[in-house]
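The values are calculated or read from the model by the stated rules, or taken from the named source; none is laboratory data. From a predicted model like this one, the values you see are computed outputs, not experimental measurements. Counting neighbours? That spans all protein chains shown, and the Cβs are built from the backbone with ideal geometry, glycine included. Note: accessible area is taken over every heavy atom of the protein model, side chains too, but ligands, DNA and RNA are not part of it. Shrake-Rupley method; radii C 1.70, N 1.55, O 1.52, S 1.80 Å.
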Amino acid sequence: MPSLSYRSAAKIAAREMRSSRGKFFFVILSVAIGVAALTGVRGFSSSFRSALLTRARAIMAGDLAARMFQQPTPDQQRGLDQVAREGVQITPVTELLSMASSPVTFDPLLISLKAVDPAKYPFYGTVDLQPASSLSSVLKPDTVVVAEDLLIRLHLHIGDQLKIGSQTYRIASAVTNEPDRLSGSFAAGPRVLISREGLEASGLLAPGSHAGQRFLFKLPPTASAAALSDAAVQTFKQRLEALLPEAQITDYRETNPALTQGLDRATSLLSLMSLVALVLGAIGVAMAMRAHLQQRLDTIAIMKSLGARSGQIMKIYLLQTLLLGLIGGTLGVALGVGVQLAFPILLAKLINIQTDLHIQLATVLTGLGAGILTTLLFTLPPLLDIRTVRPILILRRAMEDTESDAPFFTTVFRKLTRNLAQLAAAVLILIGLAAIATTLSDSATVGKVFSAGLVAVLAVLLGASAALLATLRWFLSRTRLHLPSSLRHGLANLYRPGNPSAALLAALGLGVMQIMTVYLVQQAVVQELHVTSASDLPNVFLVDVAATEIDGVRAVLKAQTAIKSPAEFLPVVSSRIVAVDDVPAAQLKLRNFPRRMLQTISLSWSAALPPGTKILQGTWWSPTETVSEVAVSEHTFQRLNLHLGSKITFAAQDTQFNATVVAVTKSDGQHAFSRAEFELPQAALANLPVVWYGGVHIDPNQVSRVQRALYNAFPTVTVINVAAALETIRSVVLQITYVIQFLAAFSIFAGIVILASSIAGTRYRRIREVVVLKTLGATRARIATIFSIEFAVLGLIAGLIGVGFANLIARVLLHRLEVEYHVQWLWIAIALFGTAALTVATGWIASHRILGQKPLEVLREE
C-alpha cells in the first residue's frame, strides 16, 4: 500500500467520526467536562486567591513590616534607600505612649499615639472614620483622629481641641477601624492617629524616647502577582532580615493565623480539585476510546488485509485522537470560561470580594493542552495494540480472542511485561501526568507524588477488582443452584468473556475515590474554618486589668446584655529571660528577635490547653503539675533557637527560676490566649504580681455602651475595639468556605458526568449480548432484570472500593493540612448507594434502546 499522507489520514479519520457520532460523543463529553472543570476551577480560584491576598495584606496594611525599637543605622538607612530606588514603597509608622488632655478640663489621659504619613498609609485597606472621609483629607499637621473611647473618657466631641506634648491639635474625626490594628501594638490607652509632621511638632521625639518604629513595605506590582506573590515576599523578607538583623520582620501571611490557614488550605484544596478534574477526564477518555478501538478491530483487520501497514493505521487513529482532544478541549475551554465568569454571579450573595475576572490566557492554554495531552496519553496503549492485530483472528468471529477482549488495564499490564513499546507508553503516561500535575499545582513534588500515587492506586484498584470478581466466581460456583436465575445471570455477567468489568470497576472506583476525597477533605476543612470564624470569638480586648479589679470586671461584663458568651481572661506576669541552657541572654544567637525584647517577656499560666491553641511538638502538663515546665509559641521557639528540653531561666522582680521547654504551640490569633508566648503551670508563677488581659465578644453596634459601663466602673481599664478588623477576617474566612464548597460541588458534578459517560460507553458491547439472550428466548423484562443486577452490583463494589480509598487518602491529606479527620458514616452510605443508583440509571439511559433491537438486524452485520 503506498504511503498514506496526513491529509488522506485526516479525511479517513473525519469520515469515521461522522459515521460514529454517538460513540465519539462520550469521548468529547469526557474531555470537555474535564477541561471545563479544570479551566473554570483553576481560573476562578486564581482570581479569587489574588483577591484574598489583597485582603490578607490589608490586615497588615502592607506586604511586609519591620518592627524596630531604635532608628536605623546609617548603613541600614542606605540599604532602605536602595530598596526604595528599586520600586519598593516604604512608609514608617511610629507608635509610643504619651499623655493627652483637654485644654478645658486638663484631665490627663494615657494614650497610644500612632504617627503615619497619610499620603502613603495604608498601602492596603482603608482607615474607617466617622464621619466618613479619607485619612489623607482630614489628617493634617494640626489635626488628629481619635478612637471613640477617648471622646468618652475626656467628654470631648469632634472639632474639640486635644493637647499632646507641647502642642494643641483639633480632633478632626473618630477612627472606627484601622487595617493594621491587629498587627500593631496593643498598648494601654485609647488610640490617637497623628501625622508625622504633627508628631515632630509635639516635642515627644526627644533623645531617649521609647517610641517604637514599624516600617511598612509594598512590593512593586510585577512582584505582587498572585503566582509570584509568596516567592517574591519570601525573597524580600530574607533580604530585610539580613539588612535589619535586630528587627522583627513579618509578612502578611503571619498577621492572622486563621486567615493564613484558611488561605493555604483553600489553595491546596483548589489545586486538588483541578487535579481531580484532570484525572476524571482522563478516565472517561480511556474508557470511551478503548471501547471505540475495540469495535474498530474489524475495520483495522480489513485494512491490514488490503495491505495497510500498522503505522499507517495508527496515523489515522492518532489524528482522530488529536481531533477529538482538540474538539473536546476547545468545547471544554469555552464551558470553563463561562463557568469562571458565572461563579461571581452565582456567589454574589455569599461573597463581596471583587475578583479580577479577565480571561487568563495561561489558564486557557493549560486547560486545552491538558485535555489534548491526556487524550493522547490514555489512548496511546490501545493505539499501540493496532500493531499486534492479526486479520485472521479478527475475521474468525466464531473464535473468541480472549486477549483482545481482556479488560483494558489487564491488557495493558500483560503487554507491559512483554512489549517495550507498551512499557515506553506507560512511562510516557507517567511523565505526562507528572508534568501536568506539576503545572497545575506549581510544585514538582506534588507532580511526582500525584503521578506515583495514581499508579499505586490504580494497581491496588485493579488488584481489588480482580480479587472481588474471583470471590464472586467462587461464591456462584457454590450457590448457583440456590439463587434465582436472573440474579445468577446478572452476577455471572460481571466476569463473562469480553466484559470489561475489572477495567470498569477500576475506573468507577477511582472516580468515586476522587469525588469522595474532594468531598471529605473540603467538608473537614470547611468545618475547621467555621470554627475559626465563629460568631462568638472575642472582638474586644481589655488591657491591664489589675488583680484587684478582675472580679469586678467579670461582674460588669456579665451584666451586659450585648455579651452572649463568657469573657476570656489571661493572667500575665512580666518577666525577662536571663539565660537559655545556661547561656546568658547577652550571648544568645537570635533570629530576627530584638535583644531588648528579652527584657520584656510576658508569662502566663494555664492548667489545660487554651482554646484556639494547638500543640505542634511535645505534650501539655497535667492540671496538678507543680514542676516548672513551659510551652512556647512557634515563632518565639524558632527565633530563640530553642528545642524541646531547653532550660530557660526567667527573672520576675527579684525571683529567678528555671523552666524546661516541653511543648511548642500555635495559636489561631482569635482568642485572648493568643497573646501568651510562654505558658507555665500555675504553681510555677505562684506569688508573683499578675496583670490580667481579657477578651470578649460584643455586638459591634453595642461596643460603645459596654465601653461606657466599664469606664464608669473601672476608669483605668483600657478597652481595645478590634470588632471591625476581626469581622473583616471572619467574613473573608466565611467567603473562603463558600467558594471551596461551591467549587467542590462543581468538581463533584463534573466527575459524576464523566463517570456516567464512562458507564454509558459500554452500551455498544451489550448489543450482541441482548441479541444472543433474545435468540435464546429471554424476554425484555428478564434481560432488564439481569442488566439491572449487573449494574447495581458493579456500582456497589466500585463504591465500596472507592469510598474505602477515599477515606484513607482524606485522612493522610487532612493530617498534612493539620485538620482533624472524622469518619462520615452517613455520607459513606450515601456514596455507596448513590454510586449503585448512578450506575443503574446511567447504564439504562444509555442502553434502554438496546432492548428494542431486533436480533436479525444485528446478526446480518456479523
Residue in the stretch 664-679 that is assigned to a loop (DSSP other than H, G, I, E, B), open to solvent by less than 40 Å² (accessible area, probe 1.4 Å), in contact (Cβ under 8 Å) with a residue 12 or more places away in the chain and among the charged types (D, E, K, R) present: yes
The residue that is nearest to Leu616 (Cα to Cα), considering only those in the stretch 791-831 that are among the aromatic types (Phe, Trp, Tyr) and open to solvent by 30 Å² or more (accessible area, probe 1.4 Å), is Tyr821
Report whether or not Tyr693 is among the hydroxyl-bearing types (Ser, Thr, Tyr) and assigned to a strand (DSSP E or B). yes
For Leu319, state whether it is open to solvent by less than 10 Å² (accessible area, probe 1.4 Å) and either part of a helix (DSSP H, G or I) or at pLDDT below 75 (or both). no
Suppose we filter Leu96, Leu80 for residues that are over 18 Å from Pro179 (Cα atoms), in contact with a Leu (Cβ under 6 Å, 6 or more places away or on another chain) and touching a residue at least 40 places away in the same chain (Cβ under 8 Å); which single one remains? Leu96
If we ask which residues in the stretch 631-648 are within 19 Å of Val690 (Cα to Cα) and either at pLDDT below 85 or of a type in the set (S, T, N, Q) (or both), their number turns out to be 0
Considering only the stretch 433-451, I want to know if a residue exists there that is modelled with pLDDT of 70 or more and either of a type outside the set (A, V, I, L, M) or at positive phi (or both). no
If we keep just the residues of the stretch 74-116 that are surrounded by fewer than 19 Cβ atoms within 10 Å (Cβ to Cβ) and among the basic types (Lys, Arg), which is farthest from the chain's Cα centre (by Cα)? Arg78
Pairs, please: C-beta under 6 Å, at least 6 apart or cross-chain, first residue among the hydroxyl-bearing types (Ser, Thr, Tyr) and in the stretch 306-326, second in a helix (DSSP H, G or I) and open to solvent by less than 10 Å² (accessible area, probe 1.4 Å)? Ser310/Ile386; Tyr317/Leu383; Thr321/Thr375; Thr321/Thr379
I'd like to check something: does the stretch 50-70 contain any residue that is open to solvent by 40 Å² or more (accessible area, probe 1.4 Å) and modelled with pLDDT of 80 or more? yes
Inspect the stretch 786-799 for any residue being polar (S, T, N, Q) and at pLDDT below 65 and give the result as yes or no. no
Residue count, the stretch 611-626, condition modelled with pLDDT under 85, surrounded by 13 or more Cβ atoms within 10 Å (Cβ to Cβ) and part of a loop (DSSP other than H, G, I, E, B), comes to 3
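With Ser606, Ser602 as the choices, which residue is open to solvent by 30 Å² or more (accessible area, probe 1.4 Å) and hydroxyl-bearing (Ser, Thr, Tyr)?
Only one candidate qualifies: Ser602.
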The correct count of residues that are in contact with a Phe, Trp or Tyr (Cβ under 8 Å, 6 or more places away or on another chain) and either in a loop (DSSP other than H, G, I, E, B) or closer than 19 Å to Pro122 by Cβ (or both) in the stretch 137-156 is 3
For the stretch 125-143, the count of residues that are open to solvent by 70 Å² or more (accessible area, probe 1.4 Å) and in contact (Cβ under 8 Å) with a residue 24 or more places away in the chain equals 6
When you scan the stretch 553-574, do you find a residue that is outside any strand (DSSP E or B), charged (D, E, K, R), closer than 17 Å to Gln656 by Cβ and modelled with pLDDT of 85 or more, even just one? no
Identify, from the list Leu642, Leu603, Leu598, the residue that is on the phi < 0 side of the Ramachandran plot and assigned to a loop (DSSP other than H, G, I, E, B). Leu642
Is it the case, given these coordinates, that Ile302 is at pLDDT 65 or above and in a helix (DSSP H, G or I)? yes
If you scan the stretch 180-220, which residues turn out to be within 21 Å of Ile90 (Cβ to Cβ), open to solvent by less than 20 Å² (accessible area, probe 1.4 Å) and at pLDDT 80 or above? Leu193, Ile194, Ser195, Gly198, Leu199, Gln213, Arg214, Phe215, Leu216, Phe217, Leu219
Given the structure, is Val412 closer than 30 Å to Ile302 by Cα, aliphatic (A, V, I, L, M), at pLDDT below 55 and surrounded by 16 or more Cβ atoms within 10 Å (Cβ to Cβ)? yes
Scan the stretch 573-593 for residues that are surrounded by fewer than 19 Cβ atoms within 10 Å (Cβ to Cβ) and in contact with a Phe, Trp or Tyr (Cβ under 9 Å, 6 or more places away or on another chain) and report the count. 2
Quick one: would you say Leu726 is within 30 Å of Leu838 (Cα to Cα) and modelled with pLDDT under 75? no
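Per-residue answers, yes or no, for (1) among the hydroxyl-bearing types (Ser, Thr, Tyr); (2) outside any helix (DSSP H, G or I); (3) touching a strand residue (DSSP E or B) at 6+ places or on another chain (Cβ under 6 Å):
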site: Val35; (1), (2), (3): no, no, no
site: Ser47; (1), (2), (3): yes, no, no
site: Gln71; (1), (2), (3): no, yes, no
site: Thr91; (1), (2), (3): yes, yes, yes
site: Thr94; (1), (2), (3): yes, yes, yes
site: Leu97; (1), (2), (3): no, yes, no
